[in-house]
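Written below as structure tokens is the structure these notes are about.
Since every read-out is calculated from the coordinates, none of them should be taken as a lab result. Keep in mind the model is a prediction, meaning the values are calculated, not measured. FYI the Cβ positions are ideal-geometry reconstructions off the backbone, even for glycines, and counts take in every protein chain you see.
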Amino acid sequence: MSNSIGFIGLGIMGGPMSVNLAAAGYDVAGYDVHRPALAQLTAAGGRACDRIADAVADADVVITMLPDSPQVEEVVLGEDGVLDNAKPGTLLIDMSTIRPETSRRVAALGSTRCLRVLDAPVSGGQQGAIDGTLSIMAGGEEKDFHAASGIFEVLGKTVVHVGPHGAGQTVKAANQLVVGGIYALVAEAIVLLEASGVDAGAGLEVLAGGLAGSRILELKRKSMVAREFQPGFRIDLHHKDMGIVLAAAREAEVALPVGALTAQLIGAARAQGDGGLDHSGLLRVVERLSGR
Ligand code: NAD
């Protein structure tokens with residue numbers, strides 16, 4: 001099934017994801033409010049659309065990769081949006097990182113129009129999107145997850161059905177909690193090493209090979225020490241994600257003290273004008289706390 005895909009939101013992540021689907025033989029019709037974002041899809045053989053309706057009316061599957069909950073609500077639930085234009089039976093896969101409760105609402109309203117809905121946020125960053133090696137965490141009906149497996153195989157490497165509607169977003173929130181915390185601690189390690197007169201590059205190389213090792217230390221330690229903070233994943237987006245994390249914690253009635261502290265650091269970075277930097281740029285706010 002599902003050879004025809006409507007793809008909405010072709011930014012840092014959605015752009016290369018749509019290109020990979022077109023390259024894999026899917027008929028991809030893209031829509032983005034920022035029209036130049038469609039250029040890479042058309043270069044890969046996809047179709048650029050001027051309206052949501054044109055992208056989704058003939059699609060078997062609609063994928064959305066938008067910044068946040070309000071954009072997903074506008075595009076999917078809004079006037080002349082996906083719900084108004086997709087044919088019954090269409091599978092809507094929202095791969096954006098949004099609030100779990102929004103995913104549940106989209107799924108419930110989708111079902112009133114006979115749409116099948118999955119929340120399937122991703123981890124792995126821009127490079128994972130380009131390489132088709134994303135981790136994909138999907139929430140929704142098992143049979144819809146299986147129906148999407150061909151698409152997920154193109155986009156990702158680790159693909160897991162984690163539970164009912166919204167569960168994908170809860171897993172993604174846990175992911176962002178861990179990623180933010182690791183960045184904050186790697187930043188503190190760099191500040192400590194440099195302030196103590198120790199070469200941070202050499203120090204982090206050892207950490208990366210020991211128990212403190214992580215993908216973040218592996219992939220980002222050199223650029224952090226060199227203060228290269230080109231996004232990647234913007235601090236602004238991680239700030240949005242920490243809001244999702246803390247709201248989920250309140251709903252689940254649990255305390256996340258380290259997460260709350262991480263959220264404050266990310267919020268401070270943004271308030272100090274660093275929101276457009278990669279989230280590894282959290283180093284700058286940690287440095288400023290030490291007057292460096
Ligand atoms: P982005 O800002 O680069 O892309 C979002 C795209 O959506 C833009 O091209 C924008 O023009 C378009 N858009 C916004 N509002 C729209 C609307 N109403 N209608 C149509 N198009 C609209 O963001 P991104 O980095 O690609 O992130 C997308 C989602 O993926 C976010 O939820 C983010 O948290 C998540 N994510 C990002 C990364 C990353 O490393 N960048 C990694 C994992 C998950």
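General observations
- Looking at region 51-85, the GluC sites (Glu not before Pro) that sit in a DSSP loop and have at most 16 other Cβ atoms within 10 Å of their own Cβ are 79.
- GluC sites (Glu not before Pro) within region 190-292, DSSP loop, no more than 10 other Cβ atoms inside 10 Å: 253
- Net charge dipole, the chain: roughly 480 debye, given to the nearest 20, about the Cα centre with Cβ charges of +1 for Lys and Arg and -1 for Asp and Glu.
- Charge dipole (debye, nearest 20) of region 50-118; +1 at Cβ of Lys and Arg, -1 at Cβ of Asp and Glu: 380 debye
- In summary, the helical segments of the chain meeting the span-like criteria, namely a full DSSP H run, a Cα extent along the axis of 20 angstrom or more and a mean Kyte-Doolittle hydropathy of at least -0.5, are 167-195, 235-252.
- Listed from fewest to most Cβ neighbours within 10 Å, the set 31, 26 follows the order 26, 31.
- Net charge dipole, region 61-166: roughly 260 debye, given to the nearest 20, about the Cα centre with Cβ charges of +1 for Lys and Arg and -1 for Asp and Glu.
- Value of [θ]222 nm, deg cm²/dmol, for the chain, DSSP H segments ≥ 4, -39500 (n - 2.57) each, nearest 500: -15000 deg cm²/dmol
- Spin-label model distance (nm) - residue 43 vs residue 249, 7 Å beyond Cα toward Cβ: 4.2 nm
- Along its three principal directions, the equivalent ellipsoid of the chain from the Cα gyration tensor extends over semi-axes of 36, 20, 17 Å, largest first.
- Normalised by the number of residues in the chain, the mean separation of alpha-carbon contacts (under 8 Å, six or more apart) gives a relative contact order of 13 percent.
- Long-range HN-HN contacts of residue 63 with modeled amide H, under 5 Å: 6, 7, 8, 93
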